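Q: One structure follows; several queries about it will come next.
The values are calculated or read from the model by the stated rules, or taken from the named source; none is laboratory data. Remember, it's a predicted structure, so these values are computed and weren't measured experimentally. For neighbour counting, all protein chains shown are included, and Cβ atoms are generated from backbone atoms with ideal geometry for every residue, glycine included. To get the accessible areas, we keep the full protein, side chains included, count just its heavy atoms, and leave off ligands, DNA and RNA. Shrake-Rupley method; radii C 1.70, N 1.55, O 1.52, S 1.80 Å.
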Amino acid sequence: MTDTTATRCGYVAIVGRPNVGKSTLLNHILGQKLAITSRKPQTTRHNMLGIKTEGAVQAIYVDTPGMHKNNEKALNRYMNKTASAALKDVDVVIFVVDRTRWTDEDQLVLERVQYVEGPVILAINKTDRIEDKGDLMPHLEWLQSQLPKASIVPISAQHGHNLEALESLIAGHLPENDHFFPEDQITDRSSRFLAAELVREKIMRQLGAELPYQITVEIEEFKQQGRTLHIHALILVERDGQKKIIIGDKGERIKRIGSDARRDMEVLFDSKVMLNLWVKVKGGWSDDERALRSLGYGDL
């Protein structure tokens, strides 16, 4: 019999192709915005831990970049490698798919997940948007045939539907362990990293299809003075045209990016924030492995 009072702790990887709702799922489970989200694929570039401690159970979620087929640039290779590495040393894998949609990239993730020896949970996201529920059953049966040992849970990450059932299933799979993190810690990432990610999210949301992926954000200053947190962020792009797009007509766009990011930062850091943004052209950074390493993209 399982001891329900035992302390449990373990790592849970959230994997899937780009744009299936992995970061939204993490934010809902944690009950606060930690991972950045946008409708653009490949919004998430790094693995980030989201830590949830509830009573005797500590689940450490690993939010991963979406696995995708484009391996042309060093940045894309980094993202795929990062997502694949997350499958190796975790206690549970959540494979998120979007309703009954199935693409080559879902197939790519499935091929990696099939080799996972530990428990796999298939989270069928956005099920509240399926108009004809009759389409769902054959798809679920097919998925189950591909991953016979997996548990299947229909969810809506955006609206929080059925997440209690998902978390209960996860908790049952976590090993008996002392907790690895203090109970009030929610991530392993620094405040500087989270600030940079919030600026990048606002750029991606503002610009939609206008801007390619060759954009990153570096925090040059992060300093608390009295009650105010002073943050200086450098937005790096690859071409002059991209710089003009981000600044916008008479600087209107960069002002909007700054005010949206500042609002989220004040909630996250529980402090008044003074945010200054600059845009700089650094040609070819997204395909330069040395530049990527200096910008915090780990080992490629």
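Q: Scattering from the C-alpha atoms of region 125-229 alone, worked out with Debye: what is log10 I(q)/I(0) at q = 0.19, 0.21 1/Å?
A: These q points yield log10 I(q)/I(0) values of -1.09, -1.12.
Q: Provide the solvent-accessible area of residue 101, counting protein heavy atoms only and rolling a 1.4 Å probe, rounded to the nearest 10 Å².
A: Here the accessible area works out near 130 Å².
Q: Still on this structure, please answer the following. Probe radius 1.4 Å, ligands and nucleic acids left out: which of 149, 22, 223 has the largest accessible area, and how do the rest follow?
A: 149, 223, 22
Q: On to the next question. What distance in nm separates the simple spin-label points at residue 239 and residue 179, each placed 7 Å from Cα in the Cβ direction?
A: 5.0 nm
Q: Another one. Quick one: ranking 271, 191 by accessible area, 1.4 Å probe, largest first, what do you get?
A: On the way: 271 20, 191 50 Å².
Listed by decreasing accessible area, they come as 191, 271.
Q: What are the ³J(HN,Hα) couplings of region 274-280, residue after residue, when phi is run through the Karplus curve with 6.51, -1.76, 1.60 and θ = phi - 60°? Round to Hz, x for glycine and proline.
A: 10, 10, 10, 10, 10, 10, 9
Q: I'd like the Karplus ³J(HN,Hα) series for region 220-230: coefficients 6.51, -1.76, 1.60, θ = phi - 60°, whole numbers in Hz, and an x wherever there's a Gly or Pro.
A: Listing the rounded values in order: 8, 9, 8, 9, 8, 10, x, 8, 10, 9, 9 Hz.
Q: For a 29 Å ceiling on Cα separation, which of these pairs sit above it: 202/250; 52/243; 22/250; 223/255; 33/250?
A: Distance filter (> 29 Å) returns 52/243; 22/250; 33/250.
Q: For residue 8, what residues show an amide H to amide H distance below 5 Å, using hydrogens built from the backbone and excluding near sequence neighbours?
A: Counting only residues 5 or more places away or on other chains, the set is 57, 58, 177.
Q: Aspartates and glutamates within cross-link reach of residue 244: Cα-Cα under 12 Å, excluding same-chain residues under 8 positions apart?
A: 210, 252
Q: Ignoring everything but the protein chains, give the 1.4 Å probe accessible area of residue 132 in square angstrom, nearest 10.
A: Counting only protein heavy atoms, residue 132 exposes about 90 Å² to solvent.
Q: On a full-extension model of 0.36 nm per residue, what is the gain between residue 101 and residue 224, subtracting their alpha-carbon distance, rounded to one decimal in nm?
A: Extra length available between residue 101 and residue 224 comes to 39.6 nm.
Q: Here is a further query. If I ignore ligands, DNA and RNA and count only protein heavy atoms, how much of residue 100 is accessible to a 1.4 Å probe, in Å² to the nearest 10?
A: 50 Å²
Q: Run the paramagnetic zone check for residue 115: 7 angstrom along Cα to Cβ, then residues of region 122-159 with backbone nitrogen under 19 Å.
A: 146-150
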